[in-house]
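Here the structure is laid out as structure tokens; the discussion comes afterwards.
The values are calculated or read from the model by the stated rules, or taken from the named source; none is laboratory data. The structure displayed is predicted, hence computed values, not measured ones. So basically every Cβ, Gly included, is an ideal-geometry build from the backbone, and we count neighbours across all protein chains shown.
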Amino acid sequence: MPLNNKHNSHTINQLRGCGGVIRYFSAYYTTVCVLFLLFASQHVQAQDVDSLYAVFSVSRGATRIVAANEIMQYVYENDYFDPLTTLKTDDDEAFILATVYDAMGAYFSYEKENFVKSTEFYRLSLVNYEKIGDAGAANLINGNIGSNYGRTGDYENAVAYMMKCYEWEKSVGDSEGLGSTLNNLGVIYSQWDKPDMAIRFFEEAEVVERPLNRPMNYANRLAQLAREYSKIENAPKALQLIKEALQYDEKIESQSLKESRIATHQTIMGDIYAESDSLANAADCYQKALVFFETNEQHYYLATTLLQLGRLQVKAKRYGEAIDLFQRCEKIAEDNLYLRIRRDVCLLLGETYNKLALNPMSYFYLHKYTILNDSIFNEASQQQINDFQVKYDTQQKELEIVRQQAEIAEHRRRITLLIIIAVSLTALAVVLLVANRKIHRKNIAITRRILENRRAGNVAAAAVTPANKAKATENALFLKIEQYLHTNKRYLNENIDRTALAVNLKTNETYIAKAIRDSAGMTINEYINSLRLAHACDLLSDPAADHIKMESIATDCGFNNRISFYRCFVAKYDISPNAFRKLARK
């Protein structure tokens, strides 16, 4: 953009030293160059569209939009793009890019016939149309990409993109667009040499377009179907369809368009007759078409029809007439640079002169054919190499995109998995924390109850339940047993058992077991262990016994080992000895 005085003053004040001055004048020079390019492109020609796109790519603001609108104006005026779109600086960036890329794709397709470059621009346009949510424009771009692939012989990709159009137009009920797409699919399959598939899509296009009341479109579908039925050697069906097409041609309102369609369809009818060896009918059709093509100077169709008519004369062995027709065709092809038609007609002339045994002329034309064929082959080979390289590069880019998307998906999957694991671990930790707190509170309650009993000095309470307390006082034998065991804490002796009690109390084991069961509600071992555990509680809650290890406490209390002590303690109090010891000291 131009530099105003205020901007100049502010900029010069900021520039200090030689480096600053150089940067300032570099910026000024760049701005002047961009403005000059735009000024020079006000009346743009075809070869300047690339320059305009270069300006669009490197500039910003109003300069960029001016370049974009020059591109749009050019492609519109040359019927490459419709309708005319005028862009503004405040338009959405994706819309600007989509529109300009679309126009550049049309320019390279229709004017440059560089379908590979055109497809690159169309792909960029498609990305931006999808970004702004313009499904209709994206559908048109898919069709353009499909057409480009068809022109370069990549029929698989051509069909893939056309099927995207087919699915979208079918879903929104766009009968006009659907008919056109079905026709394109038929043309692609026809070029792909798959007449059965071509017939399928042409017939579907015929059904879709019949209610639209467009005679020319309907006639074209019938003619295309006729050509495909001819390929599968169904001449009667092909002739029926092409005659029906000619009837619809008569309904076209424009006289010039009507005559053009009739002439084109006459050549198709001639091809069908020629393939079924009805040479007279074929020649009649070609002659009718020739009159129109010659009158209206449609040189390409005139040359191809002369070629077909010459082939008929060769079949009829009228070689002189065939040579005249071929030479007329060659002259038109040379004047209009139809390289492939020149090659084909030279081959036919060489073969025809050979049938007449005119070897020098035959050799001349066959040699000419070889030169032209090599030229076409080299051009086609180079184009194939270029197309293959672009296709390979595109595939590599697509593979890289797929790889990156897979990496992103894997990264997201790992993050999701980590989040799930973290949440699960957190939930587990919360559950364990809650459970631990419950256990802790329960252990506190148990410890408090045990300590309260011990502070009351009620050792018997630890052994005798309240329900059996009355019975215990009435049972003389049980009192003797209790007195014996508490004297010198004999219950701490690990060898004390029912036999030792029976011997020392001068009674039998059965009476002792019954006395303890009736008074304490326990077996002999349970009763002795309860006394031992009560003593263990005293030791565990005594701060003076902190230095005593758990193994020593177990043996001091009459247990054979720590394991049996732990098992009995937990079974009795529902708390471990260690937990009780910690809580009892608090």
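Figures for the structure shown
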{"read-out": "From L492, L451, residue being aliphatic (A, V, I, L, M) and either at pLDDT 85 or above or touching a Lys or Arg at 6+ places or on another chain (Cβ under 7 Å) (or both)", "value": "L492"}
{"read-out": "Members of the range 229-272 found to be over 45 Å from the mean Cα position of the chain (by Cα) and among the hydrophobic types (A, V, I, L, M, F, W, C), listed by number", "value": "A235, L239, L246, I252, L257, I262, A263, M269, I272"}
{"read-out": "Residue tally, condition under 13 Å from V187 (Cα atoms) and in contact with a Phe, Trp or Tyr (Cβ under 7 Å, 6 or more places away or on another chain), over the range 200-221", "value": "2"}
{"read-out": "Search result, residues across the range 27-73 that are in a loop (DSSP other than H, G, I, E, B) and either at pLDDT 85 or above or within 14 Å of A103 (Cβ to Cβ) (or both)", "value": "V44"}
{"read-out": "Matching residues in the range 52-77 - criterion: being surrounded by fewer than 19 Cβ atoms within 10 Å (Cβ to Cβ) and either in contact (Cβ under 8 Å) with a residue 40 or more places away in the chain or of a type in the set (F, W, Y) (or both)", "value": "G61, A62, Y76"}
{"read-out": "Checklist (1) under 30 Å from P211 (Cα atoms); (2) buried (at least 17 other Cβ atoms within 10 Å of the Cβ); (3) of a type in the set (K, R) applied to K117, failing item", "value": "(1)"}
{"read-out": "Cβ pairs under 7 Å, 6+ apart, first in the range 330-357 and more than 14 Å from T305 (Cβ to Cβ), second of a type in the set (S, T, N, Q) and surrounded by 15 or more Cβ atoms within 10 Å (Cβ to Cβ)", "value": "R343/N373; G350/S362; Y353/S362; N354/S362"}
{"read-out": "Test: residue in the range 78-91 that is without any contact (Cβ under 8 Å) to a residue 24 or more places away in the chain and part of a helix (DSSP H, G or I)", "value": "no"}
{"read-out": "Residue tally, condition small (G, A, S) and over 56 Å from the mean Cα position of the chain (by Cα), over the range 306-334", "value": "3"}
{"read-out": "Residues located in the range 190-202, provided they are part of a helix (DSSP H, G or I) and buried (at least 16 other Cβ atoms within 10 Å of the Cβ)", "value": "S190, P195, M197, A198, I199, R200, F201, F202"}
{"read-out": "Condition met for T305 (within 30 Å of D374 (Cβ to Cβ), surrounded by 16 or more Cβ atoms within 10 Å (Cβ to Cβ), in contact (Cβ under 8 Å) with a residue 12 or more places away in the chain and of a type in the set (S, T, N, Q))", "value": "yes"}
{"read-out": "Residues of the range 335-365 satisfying the condition of being under 15 Å from I376 (Cα atoms) and assigned to a helix (DSSP H, G or I)", "value": "L339, R340, I341, R342, R343, D344, V345, C346, L347"}
{"read-out": "Sole exception among (1) modelled with pLDDT under 90; (2) outside the structural domain of K243 (by TED's automatic domain parsing); (3) touching a helix residue (DSSP H, G or I) at 6+ places or on another chain (Cβ under 8 Å); (4) within 28 Å of E259 (Cα to Cα) for T152, by number", "value": "(4)"}
{"read-out": "Matching residues, the range 126-180, being of a type in the set (S, T, Y) and over 19 Å from the mean Cα position of the chain (by Cα)", "value": "S147, Y149, T152, Y155, Y166, S171, S175, S180"}
{"read-out": "Selected residue [among the acidic types (D, E), modelled with pLDDT under 90 and surrounded by fewer than 17 Cβ atoms within 10 Å (Cβ to Cβ)] from D335, D374", "value": "D374"}
{"read-out": "Residue count for the range 557-578, restricted to those that are buried (at least 16 other Cβ atoms within 10 Å of the Cβ) and over 18 Å from N453 (Cα atoms)", "value": "7"}
{"read-out": "Scan of the range 114-136 for residues that are closer than 17 Å to V75 by Cα and touching a residue at least 24 places away in the same chain (Cβ under 8 Å), ordered by number", "value": "F115, S118, T119, Y122, S125"}
{"read-out": "T99 being more than 21 Å from the chain's Cα centre (by Cα), β-branched (V, I, T) and part of a loop (DSSP other than H, G, I, E, B)", "value": "no"}
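Results for (1) touching a helix residue (DSSP H, G or I) at 6+ places or on another chain (Cβ under 6 Å); (2) outside the structural domain of L477 (by TED's automatic domain parsing); (3) within 20 Å of Y573 (Cβ to Cβ), shown as yes or no for each residue.
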position: I512; (1), (2), (3): yes, no, no
position: A520; (1), (2), (3): yes, no, yes
position: S541; (1), (2), (3): yes, no, yes
position: H547; (1), (2), (3): no, no, no
